[in-house]
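Asks: For reference, the structure I am asking about is given below.
The values are calculated or read from the model by the stated rules, or taken from the named source; none is laboratory data. A quick note: this is a predicted structure, and the numbers were derived from the prediction, not measured. FYI the Cβ positions are ideal-geometry reconstructions off the backbone, even for glycines, and counts take in every protein chain you see. Only protein heavy atoms, including side chains, enter the accessible area calculation; ligands, DNA and RNA are left aside. Shrake-Rupley method; radii C 1.70, N 1.55, O 1.52, S 1.80 Å.
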Amino acid sequence: MADPTRPTVDDLKTGIAAKEARPPTAHRVAAGEAARDDGMARVEAGSDPRVILAIDAVIERAISSGRRFSANTIRDQLPVSDSHLVGARVHSYALRRVDGHPLMVCVGREPSTLLSTKSAEVKVWLGYDAHQTIHRAAHAAS
């Protein structure tokens with residue numbers, strides 16, 4: 001759900017028309033984030049809850065697998081689901097916290113395999129527990 005304290009795309013368009021000036025970068029970034037969040041909320045609201053549960057189950061398996069994954073990986077396992085819904089669900093897991101730590105950690109980026117993204121980069125994730133294990137092993141080896 002969009003953050004009500006951030007300006008919407010319409011707020012910024014109105015501001016641009018009124019001032020005939022470009023809004024500050026922070027406002028433009030906030031508008032982009034608001035549009036992203038609104039789009040994800042719309043995709044989720046229009047989706048079958050059973051499909052959301054199926055996608056979530058694949059994401060949870062990926063998190064606990066100890067292997068790196070991305071929205072590409074999840075989409076490959078669910079070829080008949082809405083590709084945009086997969087991205088929205090991965091994003092929702094990226095925002096979740098358990099006992100003060102994230103469920104998964106961003107460990108890189110790769111080109112999206114979704115044609116509509118024109119090879120935009122998507123984040124590569126690793127479950128928090130696997131990330132901590134690797135981090136501890138690297139620290140112990142140094």
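Asks: Restricting the range 3-38 to residues that are open to solvent by less than 40 Å² (accessible area, probe 1.4 Å) and at pLDDT below 70, which is farthest from Arg96 (Cα to Cα)?
Replies: The qualifying residue farthest from Arg96 (Cα to Cα) is Gly15.
Asks: Would you pick out the residues in the range 73-110 that are within 17 Å of Pro49 (Cβ to Cβ) and touching a strand residue (DSSP E or B) at 6+ places or on another chain (Cβ under 7 Å)?
Replies: Residue satisfying the conditions is Tyr93 alone.
Asks: Could you name every one of the helices (runs of 4 or more DSSP H) located completely within the range 22-137 that has at least 1 residues being within 17 Å of the chain's Cα centre (by Cα), in contact (Cβ under 8 Å) with a residue 24 or more places away in the chain and more than 22 Å from Thr8 (Cα to Cα)?
Replies: By residue number, 49-65, 71-77, 83-95.
Asks: Still on this structure, please answer the following. What residue, of Val51, Val107, is open to solvent by 40 Å² or more (accessible area, probe 1.4 Å) and under 25 Å from Asp38 (Cβ atoms)? Don't jump to the end; show me each part of the working.
Replies: On the way: Val107 fails: under 25 Å from Asp38 (Cβ atoms).
Result: Val51 is the single residue among Val51, Val107 that is open to solvent by 40 Å² or more (accessible area, probe 1.4 Å) and under 25 Å from Asp38 (Cβ atoms).
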